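Contents: one structure, followed by commentary.
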Amino acid sequence: MEGSSKRLRKGAWIAEEDNLLRQCIDKYGEGKWHQVPLRAGLNRCRKSCRLRWLNYLKPSINRGKFNSDEVDLLLRLHKLLGNRWSLIAGRLPGRTANDVKNYWNTHLSKKHEPGCKTQMKKRNLPCSSTTPAQKNDVFKPRPRSFTVNNGCSHISGMPEAEFVPLCLGFNDANN
C-alpha cells in the first residue's frame, strides 16, 4: 500500500498546516474528522486535526485573561466537580479544558491548599479542602426505588422524615 509507507507527521504544527486546516474547516465545516486530513492535504491523523482545531484554532476560543467572573465560577465549579476540566470548561464559554487546567495549576491551586482561607474569604467562598467522601456524595446518591400504589409514586430508600409522595395527576379527593 502506498499510504502505509508514508508516515504521519507528529509533533509541533507549522503555520502552513494551521492554514490548511482552517481552510478545510471553512469549506467543509466541523465533523467527519476522518476526511479532514485528506481534504486539507495534511499528513496528520484525524485525531490530531480534531484536537488542533478544538483546542487552538477554533475562532470561538477565548485566549484572553480570565476575568473575575470566570475565576469565581471556576472556583465554585472546581469545588463541586474537582479536576474534571472538560466539564468545567463546558460551563466557561470560549475556554478549553486545557486552558482551564493550566489556569488552575498556575494561578489557583496554591490558594486552595489548607492555608487558602484568607484568599477564599475575600471572594466569599468556602475553602475547597473537602474530603473525598464529601466529593463522592455529590455524584453517588443513595439508591432509591420507585413504586406505584393507588396512582401515586412513592420513593423508598429515604428516611421517614423525607418521605415524599409524587402523585401522577390524581386529585386528593379521588385517593
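How would Tyr28, Tyr103 line up from fewest to most surrounding beta-carbon atoms within 10 angstrom?
Details: Tyr28 13, Tyr103 19.
If I rank by nearby Cβ atoms, fewest first, I get Tyr28, Tyr103.
Using the charge dipole of the range 68-108 (Lys, Arg: +1 at Cβ; Asp, Glu: -1 at Cβ; taken about the Cα centre), state which of Tyr103, Ile88, Val71 has its Cα farthest towards the positive end. Most positive-ward Cα: Ile88.
Each eigenvalue of the Cα gyration tensor of the range 15-57, multiplied by 5 and square-rooted, gives one semi-axis; in descending order these are 12, 11, 11 Å. Annotation: the residues Ile25, Ile88, Ile61, Ile14, sorted from fewest to most other C-beta atoms within 10 Å of their own C-beta, follow the order Ile14, Ile61, Ile25, Ile88.
Length gained on full extension, Lys10 to Lys110: 32.6 nm, using 0.36 nm per residue less the C-alpha separation.
Take the Cα of Lys65, step 7 Å toward its Cβ, do the same at Asn98, and the gap between the two points is 2.4 nm. Here the Karplus relation 6.51 cos²θ - 1.76 cosθ + 1.60, evaluated at θ = phi - 60°, turns the backbone of the range 61-68 into coupling constants of 6, 8, 9, x, 5, 6, 8, 5 Hz, with x for every Gly and Pro.
Once both labels are positioned 7 Å from their Cα atoms along Cα-to-Cβ, the gap between Leu54 and Arg39 label points is 1.7 nm.
Would you kindly work out the equivalent ellipsoid of the range 68-108 from its C-alpha gyration tensor and give its semi-axes, the square roots of five times the eigenvalues, largest first in whole Å? Display every interim value, and only then the final one.
Values: eigenvalues 27, 25, 23 Å².
After diagonalising the Cα gyration tensor, the semi-axes are 12, 11, 11 Å.
Take the cross-link list Lys10/Lys110; Lys65/Lys110; Lys47/Lys101; Lys10/Lys101; Lys6/Lys27; Lys32/Lys101 and give me the ones stretching past 30 Å between alpha-carbons. The pairs that break the limit, which is 30 Å between Cα atoms, are Lys10/Lys110.
Just so you know, the averaged projected area of the alpha carbon convex hull for the range 1-83 sits at 7.7 nm².
Contact order normalised by length for the range 15-57, with contacts defined as Cα pairs under 8 Å and 6 or more residues apart; what percent is it? Don't skip to the answer; put the middle values down first.
Details: 30 pairs, mean separation 17.6, N = 43.
Relative CO of the range 15-57 lands at 41 percent.
Rule-based calculations on the coordinates, nothing more; no lab input. Treat the numbers as computed from the prediction; the structure is a model and nothing was measured. Backbone-built Cβ (ideal geometry, glycine too); neighbour counts: all protein chains shown.
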